[in-house]
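A short reminder: the numbers here are calculations on the coordinates, not readings from a lab. Nothing here was measured: the structure is a model prediction, and the numbers come from that model. Note that we place each Cβ from the backbone using ideal geometry, even for glycine, and neighbour counts take in every protein chain shown.
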Amino acid sequence: MKTYELKDYYLKFVEQETTSFEEDFRKDVYRITEAFLDSVINYGDITALKEIDYSMVKKLVESENNKSINYTLHLIALEPYDIIEWISYIDSDDFFEPGRHYFENEELAEILKNKDYYNPLTGEDVSQEEFKKLINTVFSVSENFITRYKIYTSCGDLSNE
């Protein structure tokens with residue numbers, strides 16, 4: 001398995017996308033991406049990585065630099081190089097009837113664009129501040145990355161794509 005070549009494929013993208021930034025920031029984003037990739041590639045079953053929260057990301061990449069981590073998360077979610085997907089949801093606070101609403105990206109974008117904040121579990125309008133408190137965000141290894149990982153680790157060649 002030539003995982004170093006798989007990592008190199010993604011790290012070249014990160015280098016390209018960060019060329020206009022200050023050197024220290026570029027190096028930090030590169031290091032964070034590399035650490036994240038190492039963690040994902042070396043995980044026993046990458047298909048099980050469905051809900052990685054922000055604190056887990058910070059531990060995986062061994063960094064507390066929120067600015068670099070946030071930019072890295074944004075960058076590694078961009079298609080077609082998407083390593084991760086952002087997952088946003090609201091949990092019900094009802095102990096007896098727990099529920100969860102997962103937002104489609106378009107749905108959440110529309111809410112934010114129109115500033116039409118509401119709780120989809122109750123249908124009640126809420127303030128922007130309340131909406132921010134309701135939203136949870138986690139990250140999942142993307143299907144595109146999993147597919148690429150499986151193809152690459154079985155045949156070892158991405159150059160024909």
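Descriptive notes on the structure:
- Potential lengthening between Tyr43 and Thr19 on full extension [0.36 nm per residue; Cα-Cα distance subtracted]: 5.7 nm
- In this structure, Lys27 and Lys113 have a Cβ-Cβ separation that, at R0 = 35 Å, corresponds to a calculated FRET efficiency of about 0.50.
- For the pair Ile151 and Lys12 in one chain, pulling the backbone fully straight at 0.36 nm per residue adds 48.1 nm over the alpha carbon distance.
- Table column - 3J(HN,Hα) (Hz), segment 70-81, Karplus curve with 6.51, -1.76, 1.60, x for Gly and Pro: 4, 5, 4, 4, 4, 5, 7, 9, 6, 7, x, 8
- Stokes-Einstein D for segment 66-161, Kirkwood Rh over Cα pairs, 10 °C, 1.306 mPa s (µm²/s): 101
- Modelled FRET efficiency - R0 30 Å, Ser127 with Ala77, Cβ distances, 0.05 increments: 0.60
- Exposed trypsin sites (Lys or Arg not before Pro) absent: longest stretch of the chain, with sites in DSSP loops and at most 14 other Cβ within 10 Å deemed exposed: 51-114
- Considering all different alpha carbon pairs of segment 1-68, the Kirkwood hydrodynamic radius works out to 12.9 Å.
- Shape class for segment 64-111: prolate, because the ratio a/c of the largest to smallest gyration tensor axis (alpha-carbon atoms, square roots of eigenvalues) is 1.5 or more and a/b beats b/c.
- Dipole of the chain, positive direction: furthest Cα of Asn66, Ala109, Gly99, with charges on the beta-carbon: Asn66
- Which listed pairs, of Lys50/Lys150; Lys67/Lys150; Lys27/Lys59; Lys67/Lys132; Lys7/Lys27; Lys27/Lys58, have C-alpha distances above 21 Å, in listed order: Lys67/Lys150
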